[in-house]
Structures are given as structure tokens and as C-alpha cells.
Amino acid sequence: MKKLLLVFTTTLLFFSLLTSCEGGPAGPKQVELKVFIDQPRFRKQYTAYLDRFAEKYKKEKGVEVTYNLEMPDTNAGQLLRTRFASEEGIDIYSCHAMNDLPEYTKAGYAEDLSSQPFVNKLYDNIKPVVTVDGKIRAVPLESLFWGIVYNKKIFNQLNIKPALTVSELKENIAKIKAAGYIPFLLAYKDQWIPQLLLPLTVGGFLNSEYPDFIDNMNKGRGSFADLKEFFTIMDLVNANGNKRPLDIDANLGNVEFASGKYAMYVQGPWMAQGFLEQDENFEFGVAPLPLNDNPETAQINIAVSTCLCVNPKSENKEVALALINYILDENDSSAFYESLKFNPLAKVHKFETYPWVNTAMTYVEQGKGYIDPKIPQPVKDESGAVFQSYYLKDMSQADIINALDKAWKSSLK
Amino acid sequence: MRQRTQTLLDNINKHKTLILIYIFLCAVCFFSLFPLFITVLNSFKPQAQIMKSVIAFPRTLAFDNYKEALEEMDFFRVFFNTAFITCLSVMGIVICASMAGYKLSRNKSKLSFFLYLVFVSSMLIPFHSIMISLVNMAKLLKIHNSVWGLPFVYVGIGVNFPIFLYHGFVKSIPVELEDAAKIDGCNEHQTFFKIIFPLLKPINITVAILQIIWIWNDFLLPLLMLTNSKHYTLILSTVMFRGKYYVEWSKILAAVVITCIPVIIIYMLFQRHIVKGITTGAVKG
Amino acid sequence: MIRNMKKHTIPLLVFVSPALIAFILIMLIPMCITFFYSLTDWNGLNPEYNIVGFQNFIEAVADDYGFRNSIFFTFKYAVVMVVLQNTIALLLALLVNRIKKGKTLLRTALFMPNMISFVIGAFIWSFIFLQVLPTIAKSVYALRFLDQSWLGDSTLAFWSIVIVSLWTGIGYTMIIYLAALQNIPKEIIEQSKIDGANTFKRFIHITLPMIVPAITVCLFITMNGAFKQFDLVYALTNGGPGKSTRVLALDIYLEAFSSNYRYGYANAKAIILFFVVLFLTLVQLKVLKKREIQL
């Protein structure tokens, strides 16, 4: 027995030594880029594009580029921060242009990219979103027009239109129910999905009835209680959804929504790929979410969510910058963005916009669109958790207001 | 025939309690093993079949799940990472703790007692209290993100309890042995490694087993320390894999089975030692 | 004096130093750093920070609803675990000890889940909670109560965590109890049988006092384990739904490494966890020592 143990351990040790030494000393012609992208659902597309860059770079510069590509699924923000903390030398990372970019810039983790060639290719209305302190800090990937998504087939069949007021919404809900469909898909297992109600509610009110809300909050004299009808829409959505939303996560949500049983889903079109994977003929549109009977509150949220930054501490900055520019490459970028179902945001993008983007655009063109409100990330995180509890009736409206106010206040510290 | 039935009934009556006990214990065993059984069963089904029925037997054995899980998890690499980290950590802990425990037990000075007290009282520090600063410390020491650095961290965290165990065990070894060795011309180190260390064998096994189970299955420390997927441990790799295929149970279950197999093999081989190790560890603790 | 030092202290240091160096670098210094940052408002990213004294502690205790909840939840979990795990394990050990055939087999089966890591156990059980139980409920009418939102309801999620904890933990405690039971000299049991004591009386007056040390150890182990639980909750519910199942360790982890940007505050929570565990251990040791002497 003892011998067996000994043989076992030595073999293990031997093999482990082998595997850990396998890399060998890297020549100067070889560069490993550490890339961190928070979109695991697009792993295939990103890997393919990065490989194409490596091929091109080898041909042009004779340098072999390999990747250490990290695409975490949960707690990506936390992971990225530990990666920063460990000074592991992340070269390129993705982050949320509105929520994270200012913070990362302030802490010195976002390189100034203003002089990079890709900047001139960007549409002018996109530039401000990736600009912090007057300098371009990132290459935008995903720009969004979002609100709720609705099942076009059901809407056409019942001959209804997306509602712009709560009363209209109630009428629609009645018709949808009468036809045997479920009005709203609730997929609340992942906290970021119930969280979506926060930017939609705040954004809608901010751009109609409560223009000073964020300003007041940031000055420490506001409260969510100021938004009188904050819970109206949430109650309506929760009351007209499926059972057990807390068992449905984002992926299962795609499967469910594409199954055609649900008329609406408070979710962004970033899930398009997920719906179409389930059913390639699935037809859906994007519409605003009404907040009360004032049609002004129903507007489309315009946001750049994901963008790519270069870490100034990168040891392979030259390659990293080349890769960043390749993201908006003259020839290849268009197909890349199209494969990800992202919206065009630069002059090099020459593909057709998607039908769901067009439905959203019709609202934006009527002036029914606003730039994603700047809500501090801790408040958003908090909202995801407390909205779950609200659905379960574990927390009252007053509890929610307190929790959100407190999260906002402590984010000011 | 009737008579035979009668004797059977008598027997049953006689052993009623025993039979009840067996039935109850079988039920508990079912609770214990059913999850593993259902996992293995479903890991051979394609996803569509799982969605249809989880209880039915698979119609054909689909090994695709396993193939994909093995490849995507980079199984062989992460397996050897885990084995390497575990081996190195356990060897480090056994050597460091036995040396320290031995000397602390033999030396009766105030300093020795103080050091012993520091080690033992540190058993009260929960890992979660230091984890945040530990990440920074590891960065400072340049031992983060490496399969070489992690064992050092395990030694630092895991050395206190074994020292306590060795400290108690060494008391049962007569001092005369060392005196004899000294007369034979052994220096301190020779005495320890040639005379004492072999005598510590039972406690060495206990310590090794407790640490292997802990380190092999540990999740949070690798999560905090290992950032490069090349260095992932088995558990960490499974967690990442699970995140990727959240709804595709077929693949997740295959990955789970793969992760369990080494542990179960080790358990079957060394069951006696493991049980003994746990009971001694617990009684001494 | 100097000779004495040469003779005793230097070998002591030589033997202790490998363990001591690792221990100081990995445990002691981080503990000190934690103490230090718990007094600051550092956000974990910025180069500068202020020293704010005990403000973080005051906020955590007085003003943090979520943190208070997670302390309460952890206590609840610990108490339930200590009671259930020990009663069930002791009962099983008594039963297994009574039978003659199949002892090893039973022990193997009951201990097996303990070898599997919490994280993997959580994956297996989330499959059971989300897929297996609803299917069984649909096909067997008598078992339709199994169709529940096991992980999506705050009360049920607590019990789900307890079930999985018991699944992995019972084998471990049972083995310790079994060893203790087997150490009871046969003669004592036989004697009591002759004296005519029934099973229950025998258990109270003879078996129980003999296994008090094992009970002490098991209570200690289960309580400590419960207060340091992280892996299982992380993998099973990640603290949800809402914040209803956030154990202390998970709360600290999320505070420190999530986007909350309050690193100093997280460290203050970590220090509070340390004191809670310290306090409980001391109380436990005191109470159990006393009882041991009494019995």
C-alpha cells in the first residue's frame, strides 16, 4: 500500500512538472495577450476574430500572437478587479462604457486612445459615450436601443401595438391573456435581469416628469420615494408574468421566450442571438416601457454597454493597440459586428440593420429616446437583489426605497 | 410449505427491530447515493432527452458529453495542476509542521510556548477574514497566479492544525531515543529525519489525508489566486465550465462526473486510512 | 546565557522557521493588513484613501440592513446545522453500530458524498432541485409536493442549503460517532443488559456519557464549518433570491470583490466575522469543558 502511494504521488508529481514546464522560454517573436471579455455567449465569434488578427499580425510583423482569453460568466466585474489588483498584466479588457469606464479611467486602468486610427472611423454620436475626461478611452462594441422586446407574431395575430401608456398596456395584457398567452416573461434568477427595470424606470421619469432626479440624488437630497409611480410598472409586470421566475436564468429565458408562449419580456435586444439560436425564424421587436399614463415616460434607452479598453500597464501595448484598431478594421470589422448582431457604429460597418433595431429606431426618430441614465453601479447591483426580494414579497416598497437610497448615498462616499 | 412460512414469520418477528433498522438505513443510503446515481445516468443522455425525462434510462450511451467536457475543461492539464498543487502543499505542510511540532513539543522554553500558542490560536482566524488582504500579499510576494506559489499559501494557512497534532503526538515518543542518537553522533537534523520522522508515520498519514481532501476540493483560494485558465484546478475549471453551459445539463453533468471520478477512486483505494485519519484528527482536535 | 541560547533557541528557530515564515507571510501579515484597511475608506482601486476610524464598524453594525441579515442568517444556519447534523449522525451511528452485516458498505455509502467538494455537490443538487424533483412530481401524483421553487423561494432556499449541507456533512460526523461508539468497552454494555436497563436508559446513562468527547468535537466541527460556509452557497444560490441566503463569508466576498468599490468596509466586515467566530469558540469551549467535568 505504501509503495503504491509512493508510486502514485511521484507519477503525479512527475507529470505535473512536465506540464508546468511545457511552455518553455518564449522567444521575442512570440507575444501572449491577456484578454478579458465579459461576453461568454460570444466566445466562438471572439475567438475566431482574435485568431484572424493573429494570422494577419504574423503575416505583417512576423510576430506570433497567442491569447489568454478569459470570458467569465458570473461575477465578471469582481474578477476583473482581482486581475487588476494582482497586476497580472491584463492587456485588453471589456467593460461597461457607462458604469465602469469612468471608474477605471480614474484609477488609471484605461489608456488614452484618442490618437488611434480607429477613432476617425467612429460615428460622431458614438464618440461621447466612450470619452472620459475629454479623451477616447475605449473602442465601443455594443450599442443598444432597448426597452422591452415583444413577440411580433403574437402582436400581429391579436392586432395590437406596443403600449405607450399604462392604460394601453393593461388593455393589451387583457387581450393577450384572453388569447391564452402569458403577457410577460419573468426570468429573475440572474439579478441583472430584474435590475433592468431600474434604468428603464429612472430613465423614463428622468426624461419626462422628474428631470432633476439624478442631480438630487447625487447632491444627497433626493430619494426614490420622489418617483411617485416607481412601483406601478413593476407591479403590473410582476402580476402578469409566469410563475416561478426565480428558477429561470438568462439562458433559460431565451429558450422560454423563443418558445412563443410569452408576448413581452423586459430585456434588451442583446439577447437577439440567444432567441435566434432557439428558433431562427423568431420575430421580435423592441418597444419602450410605459411608466404611467403620460406617454412621455415611454422611451427607448440608448446605451453603449460593452467596450474594449487597453490597460496602460500592458507589457505588449503595441500589439494590444494593433488589436484594438483591428476591431474596427476596414475589411473585417463589418462581418464581425454583424456576426455578433451588434449595431453598426462606425463608417466601416456596411451591413443591414436588423429588423428589431428598425422597430426601436422608429421610436427614437420620433424623439422617444434618451441616453442611458448614469446610475451608480452599486445602486444597480442592489436593485437586482432587492427586486428579487420584492417579487417574493420578502421586502416592502418602503424597504426597497430605503435600500436603494442607502446604496446611492454610500456610492457618493 | 405452511410450516416453512411459519418459521419465516417467526424469524421476522424475532428480528423485527433489526429489519426495521435495515430498511431505515437503506433509505438513508438511497438519499446519499441517489444524487450521484441520477447524475451519472443523465450524463450519458443528450440534452433533449434530459429535458424529456430525467428518470428514464438513456436509450443509447452518448459519450459526446464526456468528449466535449474533457476537451473544454482541458481536463488533463487541470488534473495535473490540481495533483501538483495538492502534492506539493501536502509535502510542505507535513515537513514544516512535523519539524515545528516536534521542536515546539521538546523545547520547554518560554519562546517555544509562545510560538506554540500563536500557531494554535491562529486556528481561530477564519480564512474569509484574511482573504482580501491575502490577494494583495500574494501579489506583493509574486506568488499569485502560479501553481508554484499556491502551495506556499496552503502551507501558510494549513500549517497550524497539523502543528497542534504533531505537538501532541511527539509527547508519546520517549526522549531517550534522541539521547541515544546524539550519543551515536547524529546532529539535530539527522536525529529528526532518521529517528523521529519515521516514528511519526501514523500522524503523518492523518495529516496528509486531511490536507489532501481539503486542498483537492478547495475552491475559493484557487478562485482568488489563479487568474490564468492554464493554471486552473479541477474544481475551478468545472465551475467555469458550468457557467458557460448553464442550461446544458448534459455537458455539466458529464463534467461533474469527470471531476468526481478521481476523488472516488482515491476514496475506494484508501478508505480505511481516510476514515482512520478523520477520526484521529477529530479526536486529537 | 549565550551558551543556553546557542544550545536551545537556535535549533528551535531552525526547526520552526519554515512553518513560521509561511505562517507569518500568509496568515499574520494579511490579518494585520485587514485590521488596518478596516479603518480606512479605500475603494480597492484608487491610490489614495483616508483613515476613518471605527466608522466602518459602526456602519456595518448599526446601519447595514443586509449585513445584519446575513449575520442572522448565518446564525440560523449554524444552529440548524449543529442540531440536525449531530442528531441524525448520532442516530445513524447508533443504528449502524447495532447491525452486523454490511457495516462497511453502509459507511462507504454514507461517507461518499463527503469526499465530493461542496461546489460539485451544489451542481449535482441544483440539477436535482431544478430538473429531477419537478419531473418526479409530475409523474408520481403522491409526490407532487416535490414540485417547488427550491432555490427561488427564500424559505425553501434556506432548507435546500441545509439539505445539501447534510448530504455532504452527515457521513463525516457519523464516522466520528461510530468510532467513539466502537470504543465503548463491550463489558459495560453487557453488564447493563444484565442489570435490566432498556435501550433508551442504556443510551442515556451509559452510551452518552462515554461519547461526550466525540460530541464536543462534532459540535465544534459543525459549528465552525457552518460559520465558514462559502463554497456551497456560492455555487447553489449565490446568496439569492434577493440577499436571503447570503452567509457572512459570501457577504464579505461580494462586498470586497464586487463593484461596490468599498474595500475598507469589506475588511471591517471580515474583522467582525473574526470576532464572531472567536467569541463563539471561546463560549463553546467553556460550556463544553464544564459539562465534560460534570458528566
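The values are calculated or read from the model by the stated rules, or taken from the named source; none is laboratory data. All figures in this text were calculated on a predicted structure; none of them were measured in a lab. So basically every Cβ, Gly included, is an ideal-geometry build from the backbone, and we count neighbours across all protein chains shown. Calculation scope for accessible area: heavy atoms of the full protein, side chains included, ligands and nucleic acids excluded. Shrake-Rupley method; radii C 1.70, N 1.55, O 1.52, S 1.80 Å.
Just check chain A against the gyration tensor rule for me: Cα atoms, a ≥ b ≥ c as the square roots of the eigenvalues, rounded for a/c under 1.5, and otherwise prolate or oblate depending on whether a/b exceeds b/c. Cα axes put chain A in the prolate bin. Remark on A:V132: its backbone amide H falls under 5 Å from those of A:R137, a criterion applied only to residues 5 or more positions apart or on other chains, H modelled at 1.01 Å from N. Listed here are the pairs B:K108/B:K171; A:K189/B:K251; C:K100/C:K186; which of them are more than 18 Å apart at the Cα? In this structure, A:K189/B:K251 lie more than 18 Å apart at Cα.
Only one residue of A:V65, A:F282, A:G180 has its Cα farthest out toward the positive end of the dipole of chain A, where Lys and Arg carry +1 and Asp and Glu -1 on Cβ, and that residue is A:V65. Output the 0 to 90 degree angle, nearest 10, between the alpha-carbon long axis of helix A:377-391 and the longest principal axis computed from the alpha carbons of chain A. Orientation of helix A:377-391: about 50 degrees from the principal axis.
Seen against the Cα atoms of chain A and their longest principal axis, helix A:76-85 is set at about 40 degrees. Is segment C:65-294 rounded, prolate or oblate when judged by the Cα gyration tensor, a ≥ b ≥ c being the square roots of its eigenvalues, rounded requiring a/c under 1.5 and prolate requiring a/b larger than b/c? Oblate.
Phi angles across segment C:203-214 convert, under the Karplus curve 6.51 cos²θ - 1.76 cosθ + 1.60 with θ = phi - 60°, into 3J(HN,Hα) values of 5, 5, 8, 10, 5, 4, x, 6, 10, 4, x, 5 Hz, Gly and Pro given as x.
For A:G369, nonlocal amide neighbours, meaning residues 5 or more places apart or on other chains whose placed amide H falls under 5 Å from its own, are A:I300. Determine, from the Cβ-Cβ distance of A:R244 and A:M361 and an R0 of 35 Å, the FRET efficiency 1/(1 + (r/R0)^6), rounded to the nearest 0.05. Efficiency computed from Cβ-Cβ geometry: 0.50.
Extension gain, C:I188-C:V14: 0.36 nm per intervening residue step, less the Cα-Cα distance, totals 57.7 nm.
Computed from point charges on the beta carbon alone (+1 for Lys and Arg, -1 for Asp and Glu), the dipole magnitude for chain C about its Cα centre is near 1340 Debye. Taking a ≥ b ≥ c as the square roots of the eigenvalues of the Cα gyration tensor of segment B:1-135, is the shape rounded (a/c under 1.5), prolate (a/b larger than b/c) or oblate? In terms of gyration-tensor shape, oblate. With a threshold of 31 Å on the Cα-Cα distance, the over-threshold entries among A:K44/A:K313; A:K56/A:K347; A:K127/A:K406; A:K175/A:K228 are A:K127/A:K406. Charged neighbours of A:N156, selected by a Cβ distance under 13 Å, balance to +3 (K, R count +1; D, E count -1). Look at the dipole of the protein assembly as shown built from charges on Cβ: of C:N86, C:G121, A:A48, the Cα furthest out on the positive end belongs to C:N86.
For B:G185, the shell of other residues with beta-carbons less than 15 Å away shows a net charge of -2, using +1 for Lys and Arg and -1 for Asp and Glu.
Mean sequence separation of contacting Cα pairs (under 8 Å, at least six apart), scaled by the length of chain A, corresponds to a relative contact order of 24 percent. Using the Kyte-Doolittle scale, which helices in chain B average at least 1.6 and also have C-alpha atoms spread 30 Å or more along the helix axis, with helices defined as whole DSSP H runs? Within chain B the helices that satisfy the rule are B:16-43.
For the protein assembly as shown, adding -39500 (n - 2.57) for each run of n ≥ 4 DSSP H residues and dividing by the number of residues yields -19000 deg cm²/dmol at 222 nm. Charging the Cβ of each Asp and Glu at -1 and of each Lys and Arg at +1, and nothing else, the dipole of the protein assembly as shown about its Cα centre rounds to 4540 debye. Counted without the sites themselves, the longest stretch of chain B free of chymotrypsin sites (Phe, Trp or Tyr not before Pro) in a DSSP loop having at most 16 other beta carbon atoms within 10 Å is B:149-285. For segment B:12-108, trypsin sites (Lys or Arg not before Pro) meeting the loop criterion (DSSP other than H, G, I, E, B) and having at most 14 other Cβ atoms within 10 Å: B:R59, B:K108.
Heavy atoms only, probe 1.4 Å: what % of the accessible area of the protein assembly as shown goes to carbon and sulfur, would you let me know? Answer for the protein assembly as shown: carbon and sulfur cover 61 percent of the accessible area.
Mean partner shielding of peptide C:237-248, defined as the number of other chain Cβ atoms within 10 Å of each residue Cβ, is 6.
The mean accessible area for residues of the protein assembly as shown, using a 1.4 Å probe and ignoring ligands and nucleic acids, is 44 Å² per residue. Determine the sum of side-chain charges near A:I214: Lys and Arg each +1, Asp and Glu each -1, restricted to other residues whose C-beta is under 15 angstrom from that of A:I214. Residues close to A:I214 contribute a combined charge of -1.
Dipole magnitude for chain B: about 600 debye, using +1 per Lys or Arg Cβ and -1 per Asp or Glu Cβ, origin at the Cα centre. Taking each residue as 0.36 nm, the span from B:I55 to B:F197 lengthens on full extension beyond its C-alpha to C-alpha distance by 45.9 nm.
Positive end of the dipole of segment C:65-294 (Cβ unit charges, origin at the Cα centre): among C:A268, C:Y77, C:I175, the Cα lying farthest that way belongs to C:I175.
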